[in-house]
Amino acid sequence: MTTPMGNQVSFITLGVDDLERAVTFYRDILGFETRGIVGADKPNGAVAFFKMQAGLRLALWPRASIAIEHGLPLGVPDPAGMMLAHNVGTAEQVDEIFEHLRSHQITILREPAPFSWGGYGGVFADPDGHLWEVVWNPHLSEL
């Protein structure tokens, strides 16, 4: 059965506590391209967008603004509530990325190592605690 939304995601929005710090991390350390913070002239409008693969954008938006705009209580962040993944073509590429992250003193939660299912990868956290898995998955084409 097809739903009106299909199976497409256009934006992934991460709530952050310090927008400038988050933009610096994603732009300067991870190398994501952005035009910087936009919408700061509007109440709760400051946000930064990063172009990802075709049709997908990553947005960084202050958690307080998300809470106000959507009538939600501002709760305690739960890093285990979601994890983003960056798949690469080889285990060596995983190691190269983690070498880069270590050189910037990024919080590494799981050093690169083999997974029980046959892949290889590790996990790091951005400044707001969002988890990123960098993984080589030899079974990716089967998923």
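Note on exposure: Trp117, Trp136 ranked by accessible area (1.4 Å probe, complete protein assembly) read Trp117, Trp136, with the most exposed listed first.
Dipole of the chain computed with +1 at Lys/Arg Cβ and -1 at Asp/Glu Cβ about the Cα centre; of Val16, Ile68, Phe32, farthest Cα towards the positive end is Ile68.
All Cα-Cα separations within the chain were binned at 5 Å from zero, giving a P(r) of 2, 8, 16, 19, 19, 16, 10, 7, 2, 0, each value a whole percent of the pairs.
Calculated from DSSP H runs of 4 or more alone, at -39500 (n - 2.57) each and per residue, what is the 222 nm mean residue ellipticity of the chain, nearest 500? Intermediate values should be presented prior to the final figure.
Details: 3 runs with 27 residues, N = 143.
Using -39500 (n - 2.57) per qualifying helix, the result is -5500 deg cm²/dmol.
Here the accessible area of the chain is 56 percent carbon and sulfur, with a 1.4 angstrom probe and all protein chains present.
Mind checking the per residue accessible area of the chain for me, 1.4 Å probe, whole number of Å²? Kindly include the intermediate steps, with their values, before the conclusion.
Values: 9030 Å² over 143 residues.
Using a 1.4 Å probe on heavy atoms only, each residue of the chain averages 63 Å².
Which of rounded, prolate, oblate describes the range 1-44, given a ≥ b ≥ c as roots of the alpha-carbon gyration tensor eigenvalues and a/c under 1.5 marking rounded, otherwise prolate only if a/b is larger than b/c?
On the way: a/c = 2.86, a/b = 1.77, b/c = 1.61.
Prolate.
Within the listed set Pro43, Pro77, Pro62, the residue fluctuating most in the Gaussian network model of the chain (springs between alpha-carbon atoms under 10 angstrom) is Pro43.
First obtain the Kirkwood hydrodynamic radius of the range 79-143 from its Cα pairs, then insert it into the Stokes-Einstein equation at 37 °C and 0.692 mPa s, and state the resulting D in µm² per second as a whole number. Please report the intermediate quantities before stating the final value.
Details: Rh = 12.0 Å.
Answer, rounded: 274 µm²/s.
For Val47, the solvent-accessible surface with a 1.4 Å probe is about 20 Å², rounded to the nearest 10. Candidates Val94, Thr3, Ile108 compared by Cα position along the dipole of the range 1-137: farthest toward the positive end lies Thr3, with charges placed on Cβ. Computed over protein heavy atoms with a 1.4 angstrom probe, the accessible surface ordering of Ser65, Ser10, Ser141, largest first, is Ser141, Ser10, Ser65. Between the Cα long axis of helix 91-103 and the first principal axis of the chain there is an angle of about 50°, rounded to the nearest 10.
The values are calculated or read from the model by the stated rules, or taken from the named source; none is laboratory data. Quick caveat, the model's predicted, so the values are computed rather than measured. Neighbour counts are summed over all protein chains in view; Cβ atoms, including those assigned to glycine, are modelled from backbone coordinates with ideal geometry. In case anyone asks, the SASA skips ligands and DNA or RNA and just uses the protein heavy atoms, side chains included. Shrake-Rupley method; radii C 1.70, N 1.55, O 1.52, S 1.80 Å.
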